[in-house]
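First the structure, in the form of structure tokens, and then the observations on it.
The values are calculated or read from the model by the stated rules, or taken from the named source; none is laboratory data. Bear in mind the structure is a predicted one, so any value in this text is a computation, not a measurement. Cβ: placed from backbone, ideal geometry, glycine included. Neighbour counts: every protein chain shown.
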Amino acid sequence: MASRKEQKEQARTARIAQQEAVAASAQRTRRIQILGGAVAIAVIAIVVAIVVSSSGGGTKTGSALTSGSAAKAAAKLVDTELANIPQSGTTLGSPSAKVTLTYFGDLQCPVCADFTTGQLGGGLPEFITKQVKPGNVKIVYRSFCTASCNNPSVSNPQGLFNKQQEAAYAAGKQNRFWNFAELFYHEQGKEGTPYVTDSYLSGLAKQVPGLKIASWQSDSTNPVYASQVASDNTLATKYGVNATPAFVVQGPKGIASAGSGVLTYSDLVKAVNQVS
């Protein structure tokens with residue numbers, strides 16, 4: 001028969017083994033949950049692509065606003081990506097994040113759309129999931145006119161650029177800027193065509209979950225947003241920005257240009273590491 005000491009040791013060994021088994025089971029469950037979330041987002045993205053393709057719409061092929069099931073799929077994709085992330089004006093992410101990524105963009109810019117939606121290796125969706133959502137980085141969007149100002153199909157391209165950017169900023173008053181802007185990028189018309197109209201902007205606004213349309217329409221004409229667009233342009237000039245999308249990172253170690261174009265997730269993380 002085992003001694004009292006041996007019995008205690010056997011009980012201790014059994015208890016430790018049980019705890020390790022429980023911990024291993026919890027870790028497996030967590031991995032499955034994370035994988036399930038990633039798969040869900042990927043499935044939504046695939047559904048968006050299939051629906052848009054089958055409906056004849058699409059980011060680069062048409063000038064009409066996406067509607068019906070394609071619009072619902074795009075709105076769901078954006079809402080899923082941005083869920084539970086703080087928004088304030090054009091800022092996405094925790095106010096206490098130590099690093100700020102400033103994103104200079106033009107809502108009609110097709111390269112900005114590729115970066116924002118994850119096309120051609122664009123890293124923003126992954127960056128939002130892995131860096132912004134955990135609170136490591138916040139993103140601040142700034143306006144800089146590129147594709148919009150080179151649109152030969154409209155009589156006043158600068159004026160139209162201002163109007164579309166101000167409409168997005170007005171959504172930001174209700175903490176929905178990023179929903180509006182990402183939907184714009186998902187539903188861009190063909191570059192160089194006059195697809196951006198009052199109807200187009202209103203249609204986007206109606207797709208944004210929780211956006212109060214009457215307030216948004218009133219806020220869209222508030223001169224504070226015109227001033228904000230002008231201020232953004234001044235800041236872009238200060239940083240030497242001459243294309244979109246362009247990026248500047250700022251953190252505990254200073255401020256630096258992160259480059260421009262369709263940056264990958266690795267490109268963005270490398271830039272963040274330089275200043276954090």
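Numerical summary
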item	result
Matching entry among Thr237, Thr244 (being assigned by TED's automatic domain parsing to the domain that holds Asp79, of a type in the set (Val, Ile, Thr) and crowded, with 21+ Cβ neighbours inside 10 Å)	Thr244
All positions within region 201-236 that are of a type in the set (Gly, Ala, Ser), farther than 19 Å from Gly105 by Cα and more than 20 Å from the chain's Cα centre (by Cα)	Ser202, Ala214, Ser215, Ser218
Qualifying residue in region 139-148 (condition: surrounded by fewer than 18 Cβ atoms within 10 Å (Cβ to Cβ) and either under 24 Å from Gly259 (Cβ atoms) or at pLDDT below 95 (or both))	no
Of all residues making up region 104-135, the number that are surrounded by fewer than 19 Cβ atoms within 10 Å (Cβ to Cβ) and in contact with a strand residue (DSSP E or B) (Cβ under 6 Å, 6 or more places away or on another chain)	0
Residue in region 165-181 that is modelled with pLDDT of 95 or more, acidic (Asp, Glu) and farther than 30 Å from Asn273 by Cα present	yes
Residue check, Gly251 in contact with a strand residue (DSSP E or B) (Cβ under 6 Å, 6 or more places away or on another chain) and either crowded, with 17+ Cβ neighbours inside 10 Å or not assigned by TED's automatic domain parsing to the domain that holds Thr102 (or both)	yes
Flag if Lys130 is basic (Lys, Arg) and outside any strand (DSSP E or B)	yes
Region 237-253, subset of a type in the set (Gly, Ala, Ser) and not in a strand (DSSP E or B), residue farthest from Leu268 (Cα to Cα)	Gly240
